[in-house]
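The values are calculated or read from the model by the stated rules, or taken from the named source; none is laboratory data. Since this is a predicted model, take the numbers as computed values, not measurements. Cβ atoms come from the backbone with ideal geometry, glycine included; neighbour counts cover every protein chain shown. Please note that ligands, DNA and RNA were not included when accessible areas were found on the heavy atoms of the full protein model with its side chains. Shrake-Rupley method; radii C 1.70, N 1.55, O 1.52, S 1.80 Å.
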Amino acid sequence: MSKHRLSRKGRYTALATTGVAVVAAAGVAAQTSMAASAWPAQKTYMGRAFDACTAPSLTAMKAWKKDAYYGGVAVYIGGRNRGCAQPNLTRPWVKSVDTLGWRVIPLYVGAQPPCQKSGNKERFTAATAASVGASNANDAVAKASALGMKAGSPVYLNMEPYDIADKACNDATLTYVRSFTKTLRAKTYRAGLYGFSSSSAKAIATAKDRTDLPGNLWYALWNGQETTTKDWPWDPKLYTDHSRGHQYKANSKETRGGYTINVDRNAWDAPVAIVG
């Protein structure tokens, strides 16, 4: 079992399926989800996307683009808890794949909750949640910018499963996420969160206080259903303005154009990087 983020161990839980809908054909549209006129127009991708532990070689990306099954690719731009080395992930690589027509989705594996049961290099506590969130966000912006992902791009904070019933832990996590989000926005980057429908994404979607929560939610619900709508587990009014991603299948070993990559599959209707 490949290691994509912190660890795959313990991530496979029983996840309910609630419906089926196929996402629209791949396309890109400019959206303005932020009110401030200074914000660049949102670049939205709608279609299939994959994420892999290590960004594939440019040759593999060219071959997979010709295959045309996927149009988006998520890459791990940084964070002390990032699980894999990224020898291919450079500014020229990002520019090249963007020129090929790929839509790039930046992921940042930041600090993790104090109650999380996984080995990781960086955790926050209730006392440090706000400061670590701000520090992680500043680093995420620096990493995104160094890769040529311009202001107006999203950064999706990778939050692995934790016990959201542990109130102290959940409160600390929300403090961290809010600080990360607020700091990103201050630097004109859009905030998103990747998490599990049974835990970390659920904590964001069901929080009563919506202040400084990410504007985009990428939920892991491994039900095999390629949709961002019919199986949406929460208030249907949330995250409706091209703000959802759904990771619907994990560890899919696929060969396209002669290149085999172990990927997670995603249905996508949300912001992607503005590359320049």
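Scan D231, D235, D241 and give me the residue that is at pLDDT below 95, over 16 Å from the mean Cα position of the chain (by Cα) and either under 20 Å from T44 (Cβ atoms) or not hydroxyl-bearing (S, T, Y) (or both). Exactly one residue qualifies, and that residue is D241. Restricting attention to region 162-216, the residues being of a type in the set (D, E) and within 19 Å of G79 (Cβ to Cβ) number 0. When we screen G258, G276 for residues that are within 25 Å of K95 (Cβ to Cβ) and modelled with pLDDT under 95, the only hit is G276.
Do you know which of the residues in region 134-161 that are in a loop (DSSP other than H, G, I, E, B) and of a type in the set (A, V, I, L, M) is surrounded by the most Cβ atoms within 10 Å (Cβ to Cβ)? Out of the qualifying residues, it is M159. Taken over region 65-116, residues that are outside any loop (DSSP other than H, G, I, E, B), open to solvent by 10 Å² or more (accessible area, probe 1.4 Å) and small (G, A, S) amount to 1.
Annotation: of all residues in region 121-133 being in contact (Cβ under 8 Å) with a residue 12 or more places away in the chain and in a loop (DSSP other than H, G, I, E, B), the one that is surrounded by the most Cβ atoms within 10 Å (Cβ to Cβ) is F124.
Total residues in region 43-81 satisfying the condition of being within 15 Å of Y259 (Cα to Cα), of a type in the set (F, W, Y) and under 15 Å from the mean Cα position of the chain (by Cα): the figure is 1.
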